[in-house]
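J.: Dropping the structure in here first, questions after.
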Amino acid sequence: MTAFYTGVQAFCAFASFCLTVYVVLRDTRHMNEQDERQKMAEK
């Protein structure tokens with residue numbers, strides 16, 4: 001039972017880490033798109 005609980009904790013930690021990385025990468029890509037649009041608008 002304890003091993004199962006530890007496994008669930010490890011999975012939750014891994015899942016939240018992956019989610020954080022995904023959100024950061026998505027936000028970074030979104031900001032880059034906005035920057036490119038601003039450059040195009042300035043021309």
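J.: Just give me the residues in region 1-15 being in a helix (DSSP H, G or I) and of a type in the set (A, V, I, L, M), in sequence order.
T.: Those that are in a helix (DSSP H, G or I) and of a type in the set (A, V, I, L, M): Ala3, Val8, Ala10, Ala13, Ala15.
J.: When both residues are 6+ apart or on different chains and their Cβ atoms are under 7 Å apart, which pairs have a first residue that lies in region 13-40 and is among the basic types (Lys, Arg), and a second that is surrounded by fewer than 10 Cβ atoms within 10 Å (Cβ to Cβ)?
T.: Qualifying pairs under 7 Å: none.
Every number in this text was worked out from the coordinates using simple rules, so none of it is lab data. All values reported here derive from a predicted model rather than from experimental measurement. Glycine also receives a Cβ, built like all others from the backbone with ideal geometry; neighbour counts cover every protein chain displayed.
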